[in-house]
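A quick write-up on the structure given underneath.
The values are calculated or read from the model by the stated rules, or taken from the named source; none is laboratory data. Here the structure is a predicted model, which is why all the values come from computation and not from measurement. Quick reminder, even Gly has a Cβ in these numbers, built from the backbone with ideal geometry, and neighbours come from all protein chains shown. Each accessible area value is taken on the protein alone, full model and side chains, heavy atoms only, with ligands, DNA and RNA left out. Shrake-Rupley method; radii C 1.70, N 1.55, O 1.52, S 1.80 Å.
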Amino acid sequence: MEKAEYTVANKSDDTVVCYSPTMITTNGVWQGDNPLDYSLPLFILQLTLVVVTTRLLVFILKPLRQPRVVSEILGGVLLGPSVLGRSVNFANTLFPLRSVMVLETMANIGLLYFLFLVGVEMDLSVIRRTGKKALAIAISGMILPFVIGICFSFILHGNEAEPLAHATYILFLGVALSVTAFPVLARILAELKLINSEIGKLAMSSALINDMCAWILLALAIALAENDSTSLASLWVVLSSATFVVICILVVRPAISWMIRRTPEGESFNEFYICLILTGVMISGFITDAIGTHSVFGAFVFGLIIPNGPLGVTLIEKLEDFVSGLLLPLFFAISGLKTDVASIREGQTWGILAVVIVLSCAGKIAGTVLVTTFYHMPLSEGFTLGLLMNTKGLIEMIVLNVGKDQQVLDDESFAIMVIIAVVMTGIISPIVATIYKPARRFVPYKRRTIQRSKPDGELRVLVCVHGPRNVPTIINLLEASNPTKKSPICVYVLHLVELTGRASAMLIVHNTRGSGRPALNRTQAQSDHIIHAFENFEQNSSFVSIQPLTAISPYFSMHEDICGLAEDKRVALIIIPFHKQQTVDGGMEATNPAFRTVNQNLLANAPCSVGILVDRGLSGSTRLAANEVAHHVAVLFFGGPDDREALAYGWRMCENTGTSLTVLRFVASDESLASTTELPPHIHDQDDPRILTAETDGVQEKRFDEEYLNEFRTKSAENELVVYAEQVVNNGEETVAVIRSLDSGHDLFIVGRGQGMSSPVTTGLTDWSECPELGAIGDILASSDFASTVSVLVIQQYVGLMPHETAAIPDSPPGQPDDKPANRWTPQASGTATPVF
């Protein structure tokens, strides 16, 4: 059998690895073949093992707020000679030396395309817009760690090395210590909810400048490493790399722009163009590899010259999941497989390692604190910023791998640097989360509900949007909300974006983009569509102001962003879409179960009133004028704070020209009242003071209802478009029958959530409730078997404690704050309810 020989650098020796080039695929186990002797089955198994190990570590380390890069490097270390690879059988069976070439080749292809995507997504205009402060922080944060790297290079590398080799070693060590990983930092800031803070924006700007400097230093380090024999060759490498960049800008970019112009707007790109660009990535990699820099440099530059816009969006969609999910972990795994912790033998070296970690971390912090002190920033912010700038990631791993491949770094130095990268990145999130608490200036405000808002004052509304589909009905709802000169509406539009593993750094910072700039990915494009729709609404409407914002969070903590913004902006009402959308046949189907969790958490924690909008279209039946639409609104009133809030919103709407309002009050019959005078099942002790509290509360709520209804009827008596009716019912079945009998001429039902209010007219309705967060009536109106043309707004009035007060728990003595009505049920995130007395 023909043999081919390849020489693989293994530690200090050259190992000759022999394998058959024909042994690619197996004939099958039934013919006695071992699949692991063949390169393709072995590679598939290795890839599966790497991905599974990485994902498992991501899941395990998630509670510790660890970025994915830490899990990916640790996954490689776990499979490598440091842990599992210590077993000779494991190493020889699953990661034999003959498989290294295939594994490294695929890892580098993944790296090539990933860095092309990083280039495509990077918006260099952000660098141009960064201020002097960010530039100063980036440079000072690089210089001190670089100096520390120079000092330690003499200890780690020894003095006997050639001057040029030592200079290259210093460059690699310095770059590895001074670099800040821009994509990893973006994710850490987003998870710590600091992305929109001043410190977050400053950290992102500084990291982006640092990233670009690191690329230039990396190209220089590679040029020196690969040509250590003569310094003239290094000069040629640098000059030819600069020529490559110039050709890309002057020749390739105009050619790609021509392709974009040839494609009509809104049309998908020609498959030939996409294929040409993807081939161009490999050609760029080949050219830069041939001239002496690393192939990833060519791919990154090629990505940078792709104009931002629909072409970039298309390329990212086609490549991102496959490259970042499957191939990129291979590169980190290879780094881990090369890391042998056992190579750090001496105790003295471990001591040096600890000192390097502390000093390089301290160097960045010191450099950053110097600049922040000069700019009169608080010391705590400077320290936090310095910590954040210590984030390590992809570029450092590329630097280390190139250094090891070029034999600039030995096994010991490589292992030390990988451990430093993991430790420094791993400790940042927990430390920053512990020490940095942004000073939240608590400003109490009274106008937390529509009912309490001044009729002649500004109404502030926070509108949450998941995607473009939510926009038309919300705009029509705001249009119907009667913005006037006396009472204008200020709308904060919050686009809710999930922070996932694939969320790019540029997506996270896209709030910093200038208006009118092309989108970098599909989420940005969606965000632009949403913002444009609301801006058009603002231009075509009087007395409406729009402020677009974006919240990028995991779904489980998204409500924190919404509540924080609502409090900061002092809004009276939050409107958020229901988690189900209408299908073509009129039914309702869940779009994303996580949306429901967001809604439930929001209801439990909101600092103001909340409205959940069940969207079935709200176009209005007739158009009266260019910007006026006739709406027919119905408010179903059962009693309680939520229903009063629903009536307050309906009342505001009916003051709009052409909007008719029907208020239908459901009243319990005498018989049903007599049959439901029993005490709640959890109260048995007749001497319990809570009995009196609960009874008093019921009487008080009825009095509030009567007073508010009388005020409404008196003030709207002369309005012909307002109809008030009362309906006497005995039980829940009769209530449902009345609701079903309502004519279908309405565009919108507004109902209170009715949480904590027990009434005979809703008896039994909660027994088969599908979505308890909507309340008994809201759930019926939102169900698939109800009228399919009427939208529903379910409102919960804010009656909670102020954030600086403490809630009384059910078993505590009954002394409660003045602004907290007794026996008000506080909904929990799980959808259950807990009584607060």
(request) Quick one: which residue in Val100, Val70, Val120 is under 39 Å from the mean Cα position of the chain (by Cα), closer than 20 Å to Asp405 by Cβ and not hydroxyl-bearing (Ser, Thr, Tyr)? (result) Val100
(request) Collect the residues in the range 391-403 that are surrounded by 22 or more Cβ atoms within 10 Å (Cβ to Cβ) and assigned to a helix (DSSP H, G or I), keeping them in residue-number order. (result) Leu394, Ile395, Glu396, Met397, Ile398, Val399, Leu400, Asn401, Gly403
(request) Identify all residues within the range 716-754 that are crowded, with 21+ Cβ neighbours inside 10 Å and in a loop (DSSP other than H, G, I, E, B); write none if there are none. (result) Asp747, Arg753, Gly754
(message) Is it the case, given these coordinates, that Gly457 is over 32 Å from the mean Cα position of the chain (by Cα) and closer than 21 Å to Ser153 by Cα?
(response) no
(message) If I ask for residues that are under 16 Å from the mean Cα position of the chain (by Cα) and not hydrophobic (A, V, I, L, M, F, W, C), which ones from the range 190-215 would you list?
(response) Glu191, Lys193, Asn196, Ser197, Gly200, Lys201
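Quick grid of which residues meet (1) of a type in the set (A, V, I, L, M); (2) surrounded by fewer than 21 Cβ atoms within 10 Å (Cβ to Cβ); (3) at pLDDT 90 or above; (4) not assigned by the TED database to the domain that holds Leu111:
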position	(1), (2), (3), (4)
Glu198	no, yes, no, no
Met204	yes, no, no, no
Ala214	yes, no, no, no
Ile222	yes, no, no, no
Val238	yes, yes, no, no
Cys248	no, yes, yes, no
Trp258	no, yes, yes, no
Asn270	no, yes, no, no
Thr288	no, no, yes, no
(message) Just checking, does the range 558-566 include any residue being of a type outside the set (Phe, Trp, Tyr), open to solvent by less than 20 Å² (accessible area, probe 1.4 Å), touching a Phe, Trp or Tyr at 6+ places or on another chain (Cβ under 9 Å) and modelled with pLDDT of 85 or more?
(response) yes
(message) Going residue by residue through the range 650-669, is there one that turns out to be touching a Lys or Arg at 6+ places or on another chain (Cβ under 7 Å) and either in a helix (DSSP H, G or I) or at pLDDT 90 or above (or both)?
(response) no
(request) Those residues that are open to solvent by 40 Å² or more (accessible area, probe 1.4 Å) and in contact (Cβ under 8 Å) with a residue 12 or more places away in the chain, I need them from the range 356-389; list them, please. (result) Leu359, Ala366, Leu370, Phe374, Tyr375, Ser380, Glu381, Phe383
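Every residue, every condition in (1) at pLDDT 85 or above; (2) open to solvent by less than 70 Å² (accessible area, probe 1.4 Å), yes or no:
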position	(1), (2)
Lys11	no, no
Tyr19	no, yes
Gly32	no, yes
Ile44	yes, no
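Yes/no per residue for (1) open to solvent by less than 10 Å² (accessible area, probe 1.4 Å); (2) part of a helix (DSSP H, G or I):
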position: Thr53; (1), (2): no, yes
position: Gln66; (1), (2): no, no
position: Ala91; (1), (2): no, yes
position: Val102; (1), (2): no, yes
position: Ala107; (1), (2): yes, yes
position: Gly110; (1), (2): yes, yes
position: Phe116; (1), (2): yes, yes
position: Gly119; (1), (2): yes, yes
(message) Need pairs with beta-carbon distance below 6 Å; first residue in the same structural domain as Asp405 (by the TED database) and within the range 162-177, second among the polar types (S, T, N, Q) and at pLDDT below 80; sequence gap 6+ or separate chains.
(response) Tyr169/Ser153; Ile170/Ser153; Leu173/Ser153
(request) Read through the list (1) touching a helix residue (DSSP H, G or I) at 6+ places or on another chain (Cβ under 7 Å); (2) free of Cβ contacts under 8 Å to residues at least 24 places away in the same chain, then give the number of the only condition that Ile73 fails. (result) (2)
(message) Residue under question is Arg460, and the condition is that it be modelled with pLDDT of 90 or more and open to solvent by 30 Å² or more (accessible area, probe 1.4 Å); does it hold?
(response) yes
(message) Exactly one of these conditions fails for Phe543: (1) open to solvent by 40 Å² or more (accessible area, probe 1.4 Å); (2) farther than 30 Å from Lys62 by Cβ; (3) within 23 Å of the chain's Cα centre (by Cα). Give me its number.
(response) (3)
(message) Residues to consider are Ser234, Ser335, Ser324, Ser295; find the one that is at pLDDT below 85, within 25 Å of Gly76 (Cβ to Cβ), surrounded by 14 or more Cβ atoms within 10 Å (Cβ to Cβ) and outside the structural domain of Ala525 (by the TED database).
(response) Ser324
(request) Filter the range 474-502 down to residues that are at pLDDT 90 or above and surrounded by fewer than 20 Cβ atoms within 10 Å (Cβ to Cβ), then give me how many there are. (result) 2
(request) Scan the range 405-430 for residues that are surrounded by fewer than 20 Cβ atoms within 10 Å (Cβ to Cβ) and among the polar types (S, T, N, Q) and jot them down. (result) Gln406, Gln407
(request) Give the residue, chosen from Phe712, Phe704, that is open to solvent by less than 80 Å² (accessible area, probe 1.4 Å), touching a Pro at 6+ places or on another chain (Cβ under 9 Å) and of a type outside the set (Ser, Thr, Tyr). (result) Phe704
(request) Confirm whether Val418 is modelled with pLDDT under 85, more than 30 Å from Asp528 (Cβ to Cβ) and not aromatic (Phe, Trp, Tyr). (result) no
(request) Determine which member of the set Val369, Val408 is assigned to a loop (DSSP other than H, G, I, E, B) and either hydroxyl-bearing (Ser, Thr, Tyr) or touching a Phe, Trp or Tyr at 6+ places or on another chain (Cβ under 8 Å) (or both). (result) Val408
(request) Just one of (1) assigned to a helix (DSSP H, G or I); (2) open to solvent by less than 60 Å² (accessible area, probe 1.4 Å) trips up Asn308, so point out which. (result) (1)
(message) Can you confirm whether Ser87 is exposed (fewer than 15 other Cβ atoms within 10 Å of the Cβ), among the hydroxyl-bearing types (Ser, Thr, Tyr) and either modelled with pLDDT under 85 or out of contact with any Asp or Glu (no Cβ under 8 Å at 6 or more places or on another chain) (or both)?
(response) yes
(message) When you check Met142 against the structure, is it open to solvent by 10 Å² or more (accessible area, probe 1.4 Å), assigned to a helix (DSSP H, G or I), at pLDDT 80 or above and closer than 30 Å to Pro554 by Cβ, yes or no?
(response) no
(request) Of all residues in the range 642-665, count the ones that are open to solvent by 10 Å² or more (accessible area, probe 1.4 Å) and of a type outside the set (Gly, Ala, Ser). (result) 9
